[in-house]
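Accompanying notes for the structure given below.
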Amino acid sequence: MSKSIVILGAGFTGLPLAHKLLKYTAPKPGIKLKVVLVTPSSKFYWNLAATRGVIPGAIPDDQLFLDIKSALPQYPSSHFELFLGRATDVDASANTVRVALNNGSQQTVVYDHLVIATGSHISSNLPYKLLGSYEETLEALHSLQDRIDEAKSIVVAGAGPTGVEAAGEIAAAYGTTKEVTLINSSEHVLHASNVLPSVAQSVERDLRKLGVNVISNTKVISTRNADPTENHGMSPRKTDLVLSNGKAIAADCYLPLFGVAVNTQFLPEQWLDKDGNLKQGKTMRVEGTTNVWGIGDVGNLEPKQVVNTDAQIIYLAETLDRILTGKHNTIKEYKPLNKTMIFISMGPRHATGQIGNWKLWSWMVNYVKGRRIFVDEAPDYPIDLLRDSSRIRGETWLFQSEGIYAEDENRELDIVLDFLRTYGNPESACDTLSLCEQYYHDGGKRTGFGRDFNFSRRRGILSYLAEQGDEVVLAFFLASGEHDTNFTDGTLRTPLLWAVKNGHEAAVTLLLEKGAELESGDSSGRTPLLWAVENGHEAVVRLLLEKGAELESGDSSGRTPLSWAARNKREAVVRLLREKGVEKSKIVTLTREQLHSA
Ligand SMILES: Cc1cc2nc3c(=O)[nH]c(=O)nc-3n(C[C@H](O)[C@H](O)[C@H](O)COP(=O)(O)OP(=O)(O)OC[C@H]3O[C@@H](n4cnc5c(N)ncnc54)[C@H](O)[C@@H]3O)c2cc1C
């Protein structure tokens, strides 16, 4: 019998979930599935970049808003239906949802399973998230852009991630031409995000550098001339603010960014907790129901962040698949990540981040988020998750690099496995996973980059990892596809040369598998084989020869592998080379003694 899964909301969770069910579950033999997606907005809003998007000209509209229909491949209408409208009521006893369609008509949609993915909005209705339809949101965004552009003084209230980024982005874009003030109700910024003191201090330092005036331990207690219900929460030209510290300030543009409200007003009260969040059970099913599920910001399982939603989508798609294929008894519990993860960018040059108890290096967060706020990732967003991997490659990259670059407050050795558990597909026997498991089974070695380590970008990360022989972390970096396997440093050494030079056999194998050039020589013409021979790494020499390394190639002085082996008294290597057929006569520039030992 045909089953229908109705998904309310096509944001960061609803859209990829629909895609996954349509791609994997719907075509399974014996399954008749229809996925119905309900959303008031015809476009998906890449709101992660909204704090920069509110600055006129900073991000084009078509990079902030992506067409939902074209993001989904052409699934047959028997499998997929999209309703542009807003769910207004759910009748749980009849398994129906009422939808107010954007064209003014009403629609009743019947479901076998209902997934609520309606997300949240900024309490003041500022367009940092969707406000109803795409057209309404765009209009509000343009209007806010104009207000920000015209204003001489801007006051942001709320020093959570959105408030901090909003103030930082505006200050970074306009410099001293605008007076930007951030009102913070606590002693330090990001108080409610549970960040390390060092992370909060780093953000505060950046804000100061950008010229933002942070007023701490203070709340806005009243506003005059502001009417948050009109004009999408934007105040009129001038707003007078009365602060809890007894002072009053005026703002040309006031941005209240201190509250997030979940979009659950239309749901039965018994499904909601006191803050309006859906009460999710351990399988993400709404408590007291058998066929209603919550995902993303609407739920009460995890903090309201995209960094948590990848795992939720993968889990819920799999759970629904198991139910539809009659494997109810194999459903597992969802395991929340329970880890602080935050990436704050304030303009293209200032950023700070934290994963677990690790404060990330600012330049690194800046590299992955600050420069473009992931807008390049947006078009592939719904599709990427089909591979059960993290969509936001930058964040994945940070995960991968944290073991090396994070400033160590409390080193957590399980970080890489955690990453794989959350973002990888535990059932796939991919090389990286088995390598990683082996790594931990063996006790886990750490790459030896301490606080005093100086990273030169000219050398590139792969070269350091290859030198250290940390094949696990190296594997992650190579898998990210963001690094050139044959990147050369100032002396033309490739990562392969570094791994070979230090005799790291596993790293050499990995690099060769990933396309490292076997004969790429450094500035003195020494190839990987010459380095391996010179340093007497017999196993690596053997490996390179098996891969077809050129036996007779010499360096810029004409020294061949056999010459180097003899010169450095690498007897085992000399024997190996001769076994492979190198003739003694090919040895050049040798002393009599060296020749004798060969
Ligand atoms: C400015 C800003 C920056 C952020 N940056 C980050 C970041 O860097 N990293 C991070 O991890 N998180 C970040 N977040 C949080 C992130 O945006 C949310 O966690 C994410 O959007 C949640 O996804 P979702 O699918 O639950 O909801 P949403 O993405 O909000 O999607 C909700 C969907 O439901 C639809 N909808 C709403 N009401 C109804 C209804 N009644 N009927 C039908 N459909 C409805 C909406 O139109 C939308 O399609 C940021 C949030 C903001 C505001």
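Bear in mind that the values in this text are calculations on the coordinates, not laboratory data. Keep in mind the model is a prediction, meaning the values are calculated, not measured. Ideal geometry is used to build each Cβ from the backbone, glycine not excepted, and the neighbour counts take in all protein chains shown.
List of remarks:
- As a rough guide to protection, the peptides 100-106, 502-508 ranked by mean Cβ packing within 10 Å, highest first, stand as 502-508, 100-106.
- Lysines whose Cα lies under 25 Å from that of residue 3, excluding same-chain neighbours fewer than 8 positions away: 20, 23, 28, 32, 34, 69, 279, 282, 327, 332
- Expressed as a fraction of 2.2 N^0.38 Å, the C-alpha radius of gyration for the stretch 61-209 is 1.40.
- Surrounding net charge for residue 79, when Lys and Arg each add one and Asp and Glu each subtract one, Cβ distance under 12 Å: +4
- Residue 492/residue 94 FRET efficiency (R0 60 Å; Cβ-Cβ; nearest 0.05): 0.25
- 21 Å Cα-Cα reach of residue 152 towards lysines, excluding residues that sit fewer than 8 places from it in its own chain: 178, 209, 238, 247
- Mean-position separation - Cα centroids, the stretch 548-565 and the stretch 1-55, in angstrom: 59 Å
- Estimated translational D of the stretch 251-309 in µm²/s (Stokes, Kirkwood radius over Cα pairs; 20 °C; 1.002 mPa s): 169 µm²/s
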